[in-house]
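Heads up, the thing below is written out as C-alpha cells.
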Amino acid sequence: MQELREDLKEAQEALTDSENKIVQLEREITWKEDTAQELTSQIKDLELQLENRAVLEQESTTRLGELEKEVATLRQSEEEFTHEKEALQQQLYDNLMQLSALQSKMDAMKQGVDGAGGPGGGMNGMGENMHSEVSLVKQLEEDKEALERKDREVRGS
C-alpha cells in the first residue's frame, strides 16, 4: 500500500507539474497572440501611412508639373513684354529723331522768315510743318505712355 501511495503521490506531483506547464504554455500563447495582434495593427497603420504618402507624392508631382508650366508661360510672357518694350523704345527714339529734325527745320524756316522780311520768304510750308509737329508730339506722348505701361508690366511680372 505504501507503494501505491508513493505512486499516487508521484502521479499527483506529475499532474501538478503538467497543470503548471499547461498554465505557463497558455500564458505564452496568450502573450504571442496579443503580440501578433499588435504587430498586425502596426502593419496596417504603416500600410495606411504608405498609401497616404503615395497619394501626397502623386499630388505633389502633379502640382509641380502645373507650376513648371506656369513658370514657362510667365517667362514667355516676360520675354514678349521685353521685346514689345524694346520695339516701343525704338519707336520712341525714332519719333524723337523725327521731332528733332522737324524742330530744326522749323527753326531754319523761322530764321528764313525773319531774314526774308516778307510773306514769301518761307511761310508757305510752315503750316503743314506745324501740323506735322503737333501730331508727332502727340504720337511721342502716346509712345512714352505705352512704353511706361509696358515697363510697369515687365517689372510687375
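Working carefully through the options GLU84, GLU79, GLU3, GLU10, find the one that is surrounded by 10 or more Cβ atoms within 10 Å (Cβ to Cβ), over 30 Å from LYS138 (Cα atoms) and among the acidic types (Asp, Glu). I'd like the intermediate steps shown before the answer.
Working: GLU84 fails: over 30 Å from LYS138 (Cα atoms); GLU79 fails: over 30 Å from LYS138 (Cα atoms); GLU3 fails: surrounded by 10 or more Cβ atoms within 10 Å (Cβ to Cβ).
Just one listed residue meets the conditions, GLU10.
Check segment 38-45 and report whether any residue there is within 21 Å of VAL154 (Cβ to Cβ), surrounded by 10 or more Cβ atoms within 10 Å (Cβ to Cβ) and either within 28 Å of the chain's Cα centre (by Cα) or of a type in the set (D, E, K, R) (or both). Give the derivation first.
Residues of segment 38-45 within 21 Å of VAL154 (Cβ to Cβ): none.
Within segment 38-45, not a single residue is within 21 Å of VAL154 (Cβ to Cβ), surrounded by 10 or more Cβ atoms within 10 Å (Cβ to Cβ) and either within 28 Å of the chain's Cα centre (by Cα) or of a type in the set (D, E, K, R) (or both).
For segment 91-101, does any single residue satisfy the condition of being free of Cβ contacts under 8 Å to residues at least 60 places away in the same chain, more than 30 Å from ARG155 (Cβ to Cβ), surrounded by 10 or more Cβ atoms within 10 Å (Cβ to Cβ) and not basic (Lys, Arg)?
Checked segment 91-101: at least one residue is free of Cβ contacts under 8 Å to residues at least 60 places away in the same chain, more than 30 Å from ARG155 (Cβ to Cβ), surrounded by 10 or more Cβ atoms within 10 Å (Cβ to Cβ) and not basic (Lys, Arg).
Out of curiosity, is SER77 in contact (Cβ under 8 Å) with a residue 40 or more places away in the chain and over 30 Å from GLU133 (Cβ atoms)? Reasoning before the result, please.
Values: in contact (Cβ under 8 Å) with a residue 40 or more places away in the chain: yes; over 30 Å from GLU133 (Cβ atoms): yes.
Spelling it out, SER77 is indeed in contact (Cβ under 8 Å) with a residue 40 or more places away in the chain and over 30 Å from GLU133 (Cβ atoms).
A short reminder: the numbers here are calculations on the coordinates, not readings from a lab. Bear in mind the structure is a predicted one, so any value in this text is a computation, not a measurement. Positions of Cβ are backbone-derived with ideal geometry, glycine not excepted, and every protein chain shown enters the neighbour counts.
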